[in-house]
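Below is one structure; the comments refer to it alone.
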Ligand SMILES: NC(=O)c1ccc[n+]([C@@H]2O[C@H](COP(=O)([O-])OP(=O)(O)OC[C@H]3O[C@@H](n4cnc5c(N)ncnc54)[C@H](OP(=O)(O)O)[C@@H]3O)[C@@H](O)[C@H]2O)c1
């Protein structure tokens, strides 16, 4: 069984995919965890399997939902020293054809909610001299992604914010990490309407959800700034960093088109 340095955790988007997998890993390691998402039933089923798990039903795109989660993070009762900002979604398609209200919610969840909860977490962790903040970004944060344009832009924000915060908190006892997964089979593909595009990728491009979850938790525990699970994606990240931006942009566009 994995041992983690966390005494108590909070995960957003714990009702499926990467967040649910992280919740299982923390539960198996005996870390009490607050589970946040909109689907209460799923959270309750998960919470019933482990000791001292708590359900906090919240829509992070509402003022009241966000406030409830912020309040739980800063609460002095049962201190939380790991916050995982994992809830997020994407929208596949041409920018001008996508419902602007959906884009508003995508930015609201991926950017606004994550920023407020990161702020709440660091506000209490820094004076305590200890804590871990894991923000779930994406490999899409390293280059533009035509037909997933807003999603990639929100994730570029998440990686940039997290790397800046990683440096700001250096020496305080608090650690901030951006987890940047590549393709991982979860509900993400159906929610983002990217199933057709995603299915054009070969098997080796797919990461196992449990490996992504374990990689992220392991890397934030080690105090890494960036966590990129999988050898292929680690390599692609390095290549994207040294390839001229115009070429990366064109290649990204061709890859997206080939899946349409
Ligand atoms: N899967 C991939 O290929 C991939 C690759 C790179 C990065 N990521 C990132 O990984 C993170 C987790 O995604 P996933 O792949 O595990 O997808 P997922 O299975 O769709 O999980 C998304 C989670 O977010 C929650 N959520 C959505 N809207 C919410 C809201 N308004 N308020 C509160 N919770 C909300 C969902 O729960 P409810 O519906 O119950 O609220 C669900 O638990 C996301 O940030 C995603 O961008 C995924």
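So the values come out like this:
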item	result
Value of [θ]222 nm, deg cm²/dmol, for the chain, DSSP H segments ≥ 4, -39500 (n - 2.57) each, nearest 500	-14500 deg cm²/dmol
Debye intensity ratio in log₁₀ form over the Cα atoms of the chain, taken at each q of 0.08, 0.09, 0.11 Å⁻¹	-0.29, -0.37, -0.56
Most fluctuating residue given options 211, 51, 59, as computed from a GNM of the chain linking Cα atoms under 10 Å	51
Global form of region 1-126, assessed from the alpha-carbon gyration tensor, a/c cut-off 1.5	prolate
Inter-probe distance in nm under a simple model that places probes 7 Å from Cα toward Cβ, at residue 39 and residue 89	1.1 nm
Helix axis angle, 114-128 relative to the chain longest principal axis, alpha carbon, degrees	40 degrees
Protection-proxy order for peptides 193-202, 225-234, each taking the mean of Cβ atoms within 10 Å per residue, highest first	225-234, 193-202
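Every read-out reported here was derived from the displayed coordinates using simple, explicitly stated rules and does not represent laboratory data. Computed from a prediction, not measured in an experiment: that's the story for all the values here. Neighbour counts are summed over all protein chains in view; Cβ atoms, including those assigned to glycine, are modelled from backbone coordinates with ideal geometry.
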